[in-house]
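What follows is one structure encoded as structure tokens, with my remarks underneath.
Read the figures in this text as sums done on the coordinates, not as results from a lab. The structure presented is a predicted model; accordingly, all values stated were derived computationally and were not measured. Heads up, the Cβs are rebuilt from the backbone with ideal geometry, glycines too, and the neighbour counts pull from every protein chain shown.
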Amino acid sequence: MGEFWGVLERYFPEFVSGFFVTLRLVGISFAIAMSVGVVIAAFRVTPAKWVQRIGGTYVEIFRNIPLLVLLFILFYGLPSEVQFSRVTAGALGLGLYTAAYVGEAVRSGVFAVGQGQIDASLSLGFSYRDTLRRVVLPQAVRTVIPPLGSLFIAMTKNSAVIGGALQVQDLMMKARGISADTFQTNEAFFWAAVGYLLITVSLTFVVRNLETRLAIRR
Amino acid sequence: MAGATTNGHLVELESVTKRFGDNVVLDGVDLTIDRGQAVVVAGPSGSGKSTMLRCINGLETIDEGDVRFDGTSVASAGKGIYALRAEMGMVFQQFNLFPHKTVLQNITLGPMQVKGLSEEDAKARATKLLERVGIPEKAKSFPADLSGGQQQRVAIARALAMEPKLMLFDEPTSALDPEMIREVLDVMRDLAREGMTMIVVTHEMGFAREVCDRIVFIDDGKIVEDAPPNEFFTQTKSDRAKEFVDKIIHH
Ligand SMILES: Nc1ncnc2c1ncn2[C@@H]1O[C@H](COP(=O)(O)OP(=O)(O)OP(=O)(O)O)[C@@H](O)[C@H]1O
Ligand SMILES: [Mg+2]
């Protein structure tokens, strides 16, 4: 046991800085995944066929290429005029990738909202777009909070790919570095695991809380 | 001034045909409804009653003919359909209140977002309407906490909050327990007495007899009877309507 505490003590600032880089990656990815995902879902349920197709193409592309490949493209593969920083490229990749799944989850939530709700909204004089925005999406998002929670937990874990791929000093990379320095591999990755758990367990709590607070009584 | 038709017709259906695939649901329907009239629409299940209402406010598109509301074609309104719908209230069998909003928010949403009313004005209007439908104390409740009859009265208030020229009711009491039917019909009767133009799909023939100016009977997508209640019940012309009246009277 002493070894575990010893490593944590000696490398505490390193762990903390890695933790916050991971937190930043996850935070930015979350914002991107959520906003792009909702837009994609909106595209996919719009009556206009060609708009639907844009949404469908997005989902197909981003669900079907490995995250690692996407990260490489975003950092190494783009023309030099659009060079992102490592962290930006990493968060963008993870966010766009997760957005495809968010889009599908929200879309299924949209279909769970009954036609009667749409009829009621349209009959008040709302356009299709406002109906989506004010009536359908708020209800859809509530029903998809649990699946979204799982998605963002998966996303947090996926973020561990970014460090190695793009040389970002996140929790995972820090743990690797410490393990190479000390040969205390178990100890280093144990504390990395604790860091990831801290984020995912908090996420679980937030999801539960949102679920009870926003639950629609039927 | 499209609205300034000299005749009193608020709603005009002119040989309206509506198909779902090969299924002809409305088959050359002609119908005119004057301002201030309350018209009951009856007919067997699947005869096209709901579809006819939905064609009037453009929730369904039509295949042939024309639907005019206040002198404006609904069928060719394009984006103007939203403004037209804002002038027609609709009440559904399943209430269709917004479950994520309170009763008050259900009623203020349309006036604020569609008509641009201030929150204060919209709330004042909603409060008055809740009093009118007899449940002012439910303003802060959620729909799920209301009885069916209360939900339907909120749905009526929500539609009225847009100050519509026409109210469409699609079997507003069919999903209600018997003891709650009265409270909803009473609200509708008062509305009719105040001069609201309304089209009511219902099997409540007591209501029809007491409140409405005309009964329109639809069978298989065609209007087979269109008469004042007295005449409808005593001098029924078509066989299907006769059958229907007999059933009701011997019920
Ligand atoms: N969206 C739709 N797609 C395909 N067919 C439909 C659709 N809506 C209605 N129909 C069909 O149109 C016909 C008329 O339906 P409608 O709902 O207008 O009847 P109704 O007179 O209101 O019946 P009810 O008394 O059962 O409510 C039925 O045969 C129905 O199956
Ligand atoms: Mg019907």
- 17 Å cut-off, amide nitrogen to a point 7 angstrom out along A:Leu68 Cα→Cβ, residues in region A:143-166: A:157-166
- Task: Whole Å is fine, so just give me how far the alpha carbon centre of region A:142-218 lies from that of region B:46-70.
- Result: 54 Å
- Item | Pairwise label distance in nanometres, B:Glu163 with A:Phe111, each label 7 Å out on the Cα-Cβ vector | 4.2 nm
- Under the rule of -39500 (n - 2.57) per DSSP H run of 4 or more residues, summed and divided by the residues of chain B, what mean residue ellipticity at 222 nm is obtained, to the nearest 500 deg cm²/dmol? -10500 deg cm²/dmol
- Run through all the Cα pairs of region B:1-111 and give the fraction in each 5 Å bin from 0, expressed as whole percent. 2, 10, 19, 21, 19, 14, 9, 4, 1
- The size of the Cβ-based charge dipole (Lys, Arg +1; Asp, Glu -1) of region A:21-170 about the Cα centre, to the nearest 20 debye, is 180 debye
- Task: Please find, in a Gaussian network model of chain B (springs between Cα atoms separated by less than 10 Å), the residue of B:Pro228, B:Pro143, B:Pro178 whose mean-square fluctuation is greatest.
- Result: B:Pro178
- Dipole moment magnitude, nearest 20 debye, chain B about Cα centre, only Lys, Arg, Asp, Glu C-beta charged: 700 debye
- For each of A:Trp50, A:Trp5, count neighbouring Cβ atoms within 10 Å of the residue's Cβ, then give the residues from fewest to most. A:Trp50, A:Trp5
- Message: Quick check: Cα centre of region A:1-52 to Cα centre of region B:8-35, how many Å?
- Response: 55 Å
- Task: State whether chain A is rounded, prolate or oblate according to the following rule on the C-alpha gyration tensor (a ≥ b ≥ c being the square roots of its eigenvalues): a/c under 1.5 gives rounded; otherwise a/b larger than b/c gives prolate, and the remaining case gives oblate.
- Result: oblate
- Note on the structure: For B:Lys115, the aspartates and glutamates lying under 16 Å Cα to Cα, once residues fewer than eight places off in the same chain are dropped, come out as A:Asp130, B:Glu87, B:Glu163
- Note on the structure: The lysines whose Cα lies under 21 Å from the Cα of B:Lys247, excluding any fewer than 8 residues away in the same chain, are B:Lys49, B:Lys222, B:Lys237
- Task: Quote the FRET efficiency, to the nearest 0.05, computed for A:Lys157 versus B:Thr17 with a Förster distance R0 of 56 Å and r equal to the Cβ-Cβ distance.
- Result: 0.45
- Note on the structure: On the formula 1/(1 + (r/R0)^6), with r taken between the Cβ atoms of B:Glu194 and B:Asp239 and R0 of 35 Å, the FRET efficiency rounded to 0.05 is 0.40
- Task: Using the Kirkwood radius over Cα pairs, work out the Stokes-Einstein diffusion coefficient for the protein assembly as shown at 10 °C and 1.306 mPa s, in µm²/s as a whole number.
- Result: 61 µm²/s
- Query: Spin-label point model (7 Å from Cα, Cβ direction): what's the A:Thr46 to A:Phe84 distance in nm?
  - Reply: 2.3 nm
